[in-house]
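All remarks here apply to the structure that follows.
The values are calculated or read from the model by the stated rules, or taken from the named source; none is laboratory data. Every value quoted in this text rests on a predicted model; they were computed, and no experiment measured them. Cβ placement follows ideal geometry from the backbone for every residue including glycine, while neighbour counts extend to all protein chains displayed. Note: areas computed on protein heavy atoms with side chains; ligands, DNA, RNA excluded. Shrake-Rupley method; radii C 1.70, N 1.55, O 1.52, S 1.80 Å.
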Amino acid sequence: MTYYYRVRPSNSTTQGVSGVASVFSPGCRPIYGPSNCTEGDGLSSFVFNGTTLSQNLGCSTGGYNSSTIVTTTVTQGQSYSFNGTLLSSTYQEGVSIWADFNRNGAFTSDELVYQTPTTINQPFSGSISFPSSLSAGPITIRVVVAYNTVPNDPCGIYLYGETEDYQLLVAQPASADLSLTIQTSTRTLLVNQPVSFSVTIQNDGPNQATGVSWQNRLPPNVSFVSADAGVVSSESAVSGSGISINSGASATFVYQVRPTQPGTYINAAQIIASNQLDPDSEPNSGTGDGQDDAATIDI
């Protein structure tokens, strides 16, 4: 909770009221006995995604430390590894980690992201997954170490131990709004007459698109003839991969096929992969879902 206050002097030599000031009161935290972590029941180091977040390698004053000096960036929908060491390799300690996903300053049971299955006296490690629904901004994680028990309460009362809070930064993921169109050189042709198709991918997103792949599964009785650079074929599909498209730019891929039997052929192509998030389509979700990363045409 954030408290706002003003000060009025009580003597006769100073007049007026101060401006408004504020102080942030953090949520509850575990309470330890008088010795807390001074006997070695605590956290020595904590490394998250290769970044050492713990800046206090000894016992924190009162068994609690909040560190915001060093942080690291995470992305929604991704998992990140961590590892930690204890102050002592003699005492049995339990370790639990909470993440304040809803940013309300409290840690609840559904925000428990890691727990040692039993007490340990060795280094620990694991991973934390961040929901894809998280918005950009800072988020706090809490590491609780308790002697001879696995902590189940982020604000519990324990005999010995230590708690450290760290701050992570949730970044807005890069996005690329990709759309695909397909065109043909002619819609009416003879059997065994080659026809050209062109697939164009447009990037209307704010970031460069990388790792883009597309695919056109050929209908039965249609065979591949040739293609421009960057287009490959198999027995039943034409595709391109490893494509990068700048924001506001497009890329076009041309290839030739031929029908071996008379009839009407519906040809469909779709984007099957991209390294960036697309706000209105999902790669490789099919050509009939109405999304703008797929298109069809007939001959």
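Of the strands (runs of 3 or more DSSP E) contained entirely in region 1-83, those carrying at least 1 residues that are surrounded by 12 or more Cβ atoms within 10 Å (Cβ to Cβ) fall at 43-48, 64-67, 73-75.
If you filter region 276-299 down to residues that are open to solvent by 50 Å² or more (accessible area, probe 1.4 Å) and of a type in the set (Val, Ile, Thr), you find that the one that is farthest from Trp214 (Cα to Cα) is Thr296. Among the residues making up region 203-222, those that are open to solvent by 30 Å² or more (accessible area, probe 1.4 Å), polar (S, T, N, Q) and part of a strand (DSSP E or B) are Thr210, Gln215.
Filtering region 200-254 to residues that are more than 20 Å from Ser285 (Cα to Cα), of a type in the set (Ser, Thr, Tyr) and touching a residue at least 24 places away in the same chain (Cβ under 8 Å) leaves Ser223, Ser226, Ser244, Ser247, Ser250, Thr252.
Listed conditions (1) at pLDDT below 95; (2) open to solvent by 60 Å² or more (accessible area, probe 1.4 Å) are all met by Val225, apart from (1).
Per this entry, Phe101 is not counted among residues that are surrounded by 20 or more Cβ atoms within 10 Å (Cβ to Cβ) and either in contact with a Lys or Arg (Cβ under 6 Å, 6 or more places away or on another chain) or not in a strand (DSSP E or B) (or both). Just one of (1) at pLDDT 95 or above; (2) at positive phi; (3) open to solvent by less than 50 Å² (accessible area, probe 1.4 Å) fails for Asn148. It is (3).
Let's see how each residue does on (1) among the basic types (Lys, Arg); (2) surrounded by fewer than 16 Cβ atoms within 10 Å (Cβ to Cβ); (3) closer than 22 Å to Tyr80 by Cα:
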site	(1), (2), (3)
Arg142	yes, no, yes
Asn152	no, yes, no
Glu162	no, no, no
Asp165	no, no, yes
Gln172	no, yes, yes
Ala176	no, no, no
Gln183	no, yes, no
Leu190	no, yes, no
Ile201	no, no, no
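Of all residues in region 253-275, those satisfying the criterion of being surrounded by fewer than 13 Cβ atoms within 10 Å (Cβ to Cβ) and either part of a strand (DSSP E or B) or among the polar types (S, T, N, Q) (or both) are Thr260, Gln261, Thr264, Ile266.
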